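Structure record follows, encoded as structure tokens.
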Protein chains: 2
Amino acid sequence: MATSLPQPVQRLIDTLSRLPGIGPKMAARLAIHLLSRPARERTELTDALTALSLEVHTCPRCGYLSTGELCDICTDTSRTRSICVVQGPLDVVALERSGSFRGLYHVLGGVLSPLDGIGPEELRIASLVTRVQELLADTNSGAVEVLLATNPSLEGEATALYIQRALANLENDQLSITRIARGLPVGSDIEYADPATLTRALEGRSNL
Amino acid sequence: MATSLPQPVQRLIDTLSRLPGIGPKMAARLAIHLLSRPARERTELTDALTALSLEVHTCPRCGYLSTGELCDICTDTSRTRSICVVQGPLDVVALERSGSFRGLYHVLGGVLSPLDGIGPEELRIASLVTRVQELLADTNSGAVEVLLATNPSLEGEATALYIQRALANLENDQLSITRIARGLPVGSDIEYADPATLTRALEGRSNL
């Protein structure tokens, strides 16, 4: 019988193959690379993974990542009472990097996707509604904005619509619900833009 | 200041980014994926990495991977006295899978690449020469073949040539040095083949 890879190597390949975006060939190359490096580099990776499990958890208020009880954003008292609703933690990082939003976040943990069995209960939607209710009940403060920043994809739009309806029940004139603008990305060519993006760019045109 | 990812998450991203074929964006997505999964899945990965360090080493004779003293191939007494010289362990797996070679292997650990500082001393070339010498000195047996199966790339060809010259010094009529055939891959179109491959396919034509 033909000889294959030793079992511990195959086991690592199988484990790596289960990660998103890593196929069996890439997993094999990664495993052989890790084997060829000093043991210290494998230890760095295992230590980083262990630290992740021990030190990082999801902020119970907003769903972003945290090492303390609440995350750095929820504990930042300088932020406005706008809640930007996003799909995942990396969306928070991207928006923070833009430097153009100084409010709070709410991380849904995905989008509605009935085919994948992801309904409203699988996302942090109920906790968003509660959070908005509590903010509105706090008489100390004024208007509350919920900025829906799910991806401009089919599922992202459907999720934004679902949340819009869930919040509409609150019926409070202090609450405004907004959606992040869809249009031409900066630096792009109108010539190459897809029809759906152009439609959004035209619909969203503003006065100069 | 804008909030970024918690330090343990950033640390895992940095560690993953150093792996070949994984850029910073993919590393971030992998880290967030690993965070979103049950701790058990992270433990599977750390356990597989730890097992790799503890259980797998390089076969001191041929350079392939092994969990015992010598690898499964070197200890397989049914194999012929052909030594197939390859760049890495995954080449062994591919050739074994073909089922068309039943000899031994010698894993160089790379190819000659002066620009990357990889000279003959960085590869298992001296040990190959010694191994061939010992096989030839063993009077019990007949001819020895060294089949050079480095990649048909610039570096692979140069490495094959270098080894051919190193072995030519042994001057023994029991030793034959061969090179794996270069030509059209099975299932390919002559129409789309590159000129270098066609040249090799023509040079290597055989009588029917």
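The values are calculated or read from the model by the stated rules, or taken from the named source; none is laboratory data. The structure presented is a predicted model; accordingly, all values stated were derived computationally and were not measured. Neighbour counts are summed over all protein chains in view; Cβ atoms, including those assigned to glycine, are modelled from backbone coordinates with ideal geometry. Areas reflect the complete protein model, heavy atoms only, side chains present, ligands, DNA and RNA absent. Shrake-Rupley method; radii C 1.70, N 1.55, O 1.52, S 1.80 Å.
To test your reading of the geometry: what angle, between 0 and 90 degrees and rounded to tens, separates the Cα axis of helix A:24-36 from the longest principal axis of chain A? The angle comes out at about 60 degrees. Surface burial for A against B, with a 1.4 Å probe and both sides summed, reaches about 4500 Å² of accessible area. Of the accessible area of segment B:118-205, computed with a 1.4 Å probe over protein heavy atoms only, carbon and sulfur atoms account for 52 percent.
Of the two radii for chain B, the radius of gyration is 1.08 times the Kirkwood radius, both from the alpha carbons; that is the Rg over Rh value.
Dividing the mean sequence gap of close Cα pairs (under 8 Å, 6+ apart) by how many residues segment B:128-204 holds gives a relative contact order of 30 percent.
Let a ≥ b ≥ c be the square roots of the eigenvalues of the Cα gyration tensor of segment A:17-67; is it rounded (a/c under 1.5), or, if not, prolate (a/b larger than b/c) or oblate? Walk me through the numbers on the way to the answer.
Working: a/c = 5.37, a/b = 1.72, b/c = 3.12.
Oblate.
In nanometers and ordered shortest first, the copy-to-copy spacing of the residue A:178 label point, defined 7 Å from Cα toward Cβ, is 7.3. If you take all other residues with their beta carbon under 11 Å from the beta carbon of residue A:41, and give Lys and Arg +1 and Asp and Glu -1, the sum is +2. In this structure, the amide hydrogen of residue A:59, modeled 1.01 Å from its nitrogen in the peptide plane, lies closer than 5 angstrom to those of A:64, A:65, A:66, counting only residues at least 5 positions away or on a different chain. Using a Förster distance of 25 angstrom, determine the FRET efficiency expected from the C-beta separation of residue B:207 and residue B:145, and round it to 0.05. Efficiency, from the Cβ-Cβ distance: 0.70. With contacts taken as Cα pairs under 8 Å and at least 6 residues apart, segment B:71-190 reaches a relative contact order of 26 percent. Amide H to amide H distances under 5 Å link residue A:178 with A:146, A:147, A:148, where only residues 5 or more positions off or on other chains count and H is placed in the peptide plane.
Angle of helix B:154-168 to the longest C-alpha principal axis of chain B, folded into 0 to 90 degrees and rounded to 10: 40°. Determine the shape class of segment B:114-165: with a ≥ b ≥ c the square roots of the Cα gyration tensor eigenvalues, call it rounded for a/c under 1.5, and otherwise prolate if a/b is greater than b/c, oblate otherwise. Oblate is the answer for segment B:114-165, as a/c is 1.5 or above yet b/c matches or exceeds a/b.
Order B:76, A:14 by their accessible area, 1.4 angstrom probe, all chains in place, largest first.
Solvent-accessible surface, decreasing: A:14, B:76.
Distance from the A-onto-B rotation axis is smallest for the Cβ of the chain A residue given, in whole Å, as A:46, 2.
Loop sites only, by DSSP: take the GluC sites (Glu not before Pro) in chain B that have at most 14 other C-beta atoms within 10 Å and name the longest stretch containing none of them. Free of exposed loop sites, the longest segment is B:70-170.
Between helix B:39-55 and chain B there is an angle of about 30 degrees, using the helix long axis and the longest principal axis of the Cα atoms. The equivalent ellipsoid that matches the C-alpha gyration tensor of the protein assembly as shown spans semi-axes of 59, 26, 17 angstrom, in descending order. When the surface is traced with a 1.4 Å probe over the full set of protein chains, residue B:106 keeps roughly 0 Å² accessible.
The simple spin-label model puts a point 7 Å past each Cα toward its Cβ; for residue B:188 and residue A:41 those points are separated by 3.1 nm.
Residues within the reach of a label modelled at residue B:165 (point 7 angstrom out along Cα to beta-carbon, backbone nitrogen below 19 Å), restricted to segment B:126-146, are B:126-130.
Averaging sequence separations of C-alpha pairs under 8 Å and six or more residues apart, then dividing by the length of chain B, give the relative contact order as a whole percent. Over chain B, the number comes to 13 percent. Site pair residue A:57 and residue B:129 shows an inter-label distance of 6.3 nm when each label is modelled 7 Å from Cα along Cα→Cβ. Sorted shortest first, the distances from the residue B:41 label point to those of the same residue in the other copies are 2.6 nm; each point sits 7 Å from Cα along Cα-to-Cβ.
Shape call for segment A:1-114 from the C-alpha gyration tensor, a ≥ b ≥ c root eigenvalues: rounded (a/c under 1.5), prolate (a/b greater than b/c) or oblate? Could you put the intermediate results ahead of the total?
Working: a/c = 3.18, a/b = 2.29, b/c = 1.39.
It comes out prolate by the Cα gyration axes.
Loop-located trypsin sites (Lys or Arg not before Pro) across segment A:83-143 with a Cβ neighbour count of 14 or fewer within 10 Å are A:102, with loop assigned by DSSP.
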